[in-house]
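The structure under discussion appears below in the form of structure tokens.
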Amino acid sequence: MPTAADIKARLMVGMEIHVELATRSKMFTSAPNVAHPDYFDAEPNSLCDPVVLGMPGVLPVMNRRAVEMSMLVGLALGCTINRKTKWDRKSYYYPDLPKNYQISQYDQPLCIDGSVESPVSDQPGAATRTIRIIRAHLEEDAGKLLHEAPGGFAIDYSIVDLNRAGTPLLEIVTHPDFDSAEQVVAFGQALRNICRFLGVTEGIMQKGHMRFEPNINVVIERDGKTYKTPIVEIKNLNSFKALHGAVNYEYQRQIDEWLETGVVMKAGAKSTRGWDDTTGSTFLQREKEEAHDYRYFPDPDLVHVVVDDAWMARVKAQLLELPLAREKRYIETLGMSVKDARALIDEPRACLFFEAVLAAGVDAKRASSIMLNNLAKRANERACRVDELGISASQVKAIADLSAADKIGSAAADDLIGLCCESANKDADPLKLAEQRGLLQVSDDSALDEWVQQVIAQNEKVVAQIKAGKESAIMSLMGGVMKLSKGKANAKVVQEKLRKALLG
């Protein structure tokens, strides 16, 4: 029997990614969409109507915005947008699928034949590789089964929750272009950033807004021969930790199984497995159905989707600069560190607010410092995003100008930013706020000279140390001046006066 030492093994992974689109209504009905922020906390089975329930006589009506969002993602992934597509019924039974079929796209998907650059790892500044996209098709989501009661209480049965049923769902399918779990995770993170920047999904993993299904097998070489293990699809992974763990576990499991059984890939050998976070292992769910098992046929209640030139142009006009290109620009053009650039890119709405601050005229270094320090601190305290704090880009510009002109110190600038984040000060002039709150620095020579001389007189030992060559002790005297002035003294001018008085 061969052992692991006798073989060479190479991982192959293709990805299926399901993205819940954040339209206000569902895919084929006006019922509210649980993937939209307004309905995140809806009670189970409160977002239903006769179409969702599959009642006799109901008719679906296509959600145009969901199609546009899907086209946007397809364009961002370098796909060709099919000018004419259709809807198909995919028939199968599941407790949370009331109609017993799902409206999807089979042989004429909306987006085909794309490619996108993806980092090879999740480390900032990582190299990239090209990932080929087979297709991205639009469908409706199924509901879900709850195995705990609302509030997390244990139950000995399952609850069918149809809130998610009918949610617009974009399924993106790649070629098997990944050969490590790190590449898979990096692509997942990059795709999440793309979709969030485009505004098509909130991308909250815990809510299932993005679910990953890696298709995994292993190419094994032994004694000059090549073997491929059967493909396994891991279902419904909704965290990057689970995605990484499942890929690595399945890679080793397939090698071990081949060493034991010698089973190789053949027609109909594909299976699906689940992931157990507790044990860190996959488990068999079922043998994978083939396309004919779903009995696809064109949906008789829906017309074809025809994308004309005018519609295509309107969608293309909505494309934004993509995260990877934006990160590169921040580093190479704005001179930002890789760490700071990545921190901004990882929160799309905050990043767009950063762009507004730049457009207001704040230099990149000062703008990123304010974003990642002063504003990020307050966003963490309030458990919100930076762009939700209430301060405007023009107010940030005014505060940056006051700092640059030495009219306020760093502590006062932080206080002023906090004041501008209060709803009562929306659109207030930061200069007037600084005057009202006594935050402006004192640069008057007579006042500064008086404080400097008073501190020098009270600190003879420190003065002696400075005159003996320990210039760093000046900071101690500066602290004394700032205390006397209650933080209002211009620190730069104070230091100059201390040096002149003590060092000549």
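The values are calculated or read from the model by the stated rules, or taken from the named source; none is laboratory data. A quick note: this is a predicted structure, and the numbers were derived from the prediction, not measured. So basically every Cβ, Gly included, is an ideal-geometry build from the backbone, and we count neighbours across all protein chains shown.
Here are some notes:
- Within region 32-46, residues that are assigned by TED's automatic domain parsing to the domain that holds A149 sit with their Cβ atoms under 6 Å from residues that are assigned to a loop (DSSP other than H, G, I, E, B) and of a type in the set (S, T, N, Q), at 6+ positions apart or across chains, in these pairs: N33/T23; N33/T167; V34/N163; A35/T167; A42/N163.
- Residues in region 4-17 that are outside any strand (DSSP E or B) and modelled with pLDDT of 70 or more: 3 in all.
- Exactly one residue out of R89, R164, R129 is in a strand (DSSP E or B) and in contact with an Asp or Glu (Cβ under 6 Å, 6 or more places away or on another chain): that is R89.
- Filtering region 187-196 to residues that are more than 17 Å from R129 (Cβ to Cβ) and either of a type in the set (D, E, K, R) or surrounded by fewer than 22 Cβ atoms within 10 Å (Cβ to Cβ) (or both) leaves R192, R196.
- Consider region 148-170 and keep the residues that are surrounded by fewer than 19 Cβ atoms within 10 Å (Cβ to Cβ) and touching a residue at least 12 places away in the same chain (Cβ under 8 Å). The one that is nearest to the chain's Cα centre (by Cα) is P150.
- Qualifying residue in region 344-354 (condition: part of a helix (DSSP H, G or I), within 14 Å of A400 (Cα to Cα) and at pLDDT 95 or above): yes
- From R135, R64, residue being within 24 Å of A22 (Cβ to Cβ), free of Cβ contacts under 8 Å to residues at least 24 places away in the same chain and not small (G, A, S): R64
- On inspection, A136 qualifies as under 21 Å from T174 (Cα atoms), of a type in the set (G, A, S) and surrounded by 15 or more Cβ atoms within 10 Å (Cβ to Cβ).
- Criterion applied to K397, K426, K365, K377 was being at pLDDT below 90 and outside the structural domain of G480 (by TED's automatic domain parsing), and the one residue passing it is K426.
- Residue match in region 55-66 (condition: under 28 Å from the mean Cα position of the chain (by Cα) and either polar (S, T, N, Q) or buried (at least 19 other Cβ atoms within 10 Å of the Cβ) (or both)): yes
- Sub-8 Å Cβ pairs linking a first residue in region 456-484 that is in the same structural domain as L498 (by TED's automatic domain parsing) and modelled with pLDDT of 80 or more to a second residue that is of a type in the set (S, T, Y) and in a helix (DSSP H, G or I), at least 6 apart or interchain, are N459/S476, ordered by first then second residue.
- If the condition is being in contact (Cβ under 8 Å) with a residue 12 or more places away in the chain and of a type in the set (S, T, Y), then region 305-341 contributes only Y330.
- Every pair of residues 6+ apart whose Cβ atoms lie under 9 Å, when the first sits in region 418-429 and is over 13 Å from S394 (Cα atoms) while the second is among the charged types (D, E, K, R) and outside any loop (DSSP other than H, G, I, E, B): G418/R378
- Exactly one residue out of S30, S70, S46, S104 is surrounded by fewer than 22 Cβ atoms within 10 Å (Cβ to Cβ), at pLDDT 95 or above and under 18 Å from M210 (Cα atoms), and it is S104.
- Among the candidates V219, V184, V173, V200, the residue that is crowded, with 24+ Cβ neighbours inside 10 Å and either over 15 Å from the mean Cα position of the chain (by Cα) or not assigned by TED's automatic domain parsing to the domain that holds A22 (or both) is uniquely V184.
- Listed by position, the helices (runs of 4 or more DSSP H) enclosed by region 385-504 that each have at least 2 residues that are under 26 Å from S369 (Cα atoms) and among the hydrophobic types (A, V, I, L, M, F, W, C) are 393-404, 410-420, 430-436, 474-484, 491-503.
- Unmet requirement for T174, which otherwise passes all of (1) touching a residue at least 40 places away in the same chain (Cβ under 8 Å); (2) in contact with a helix residue (DSSP H, G or I) (Cβ under 6 Å, 6 or more places away or on another chain): (2)
- Hits in region 107-127 - residues which are surrounded by fewer than 20 Cβ atoms within 10 Å (Cβ to Cβ) and not aliphatic (A, V, I, L, M): D107, Q108, D113, S115, E117, S121, D122, Q123, P124, G125
- Pairs, first within 11 Å of Q318 (Cβ to Cβ) in region 67-84, second of a type in the set (K, R), C-beta under 7 Å, six or more apart: L75/K316
- Scanning region 360-381 for residues that are in a helix (DSSP H, G or I) and touching a helix residue (DSSP H, G or I) at 6+ places or on another chain (Cβ under 8 Å) turns up A364, R366, A367, S368, I370, M371, L372, N374, L375, A376, R378, A379.
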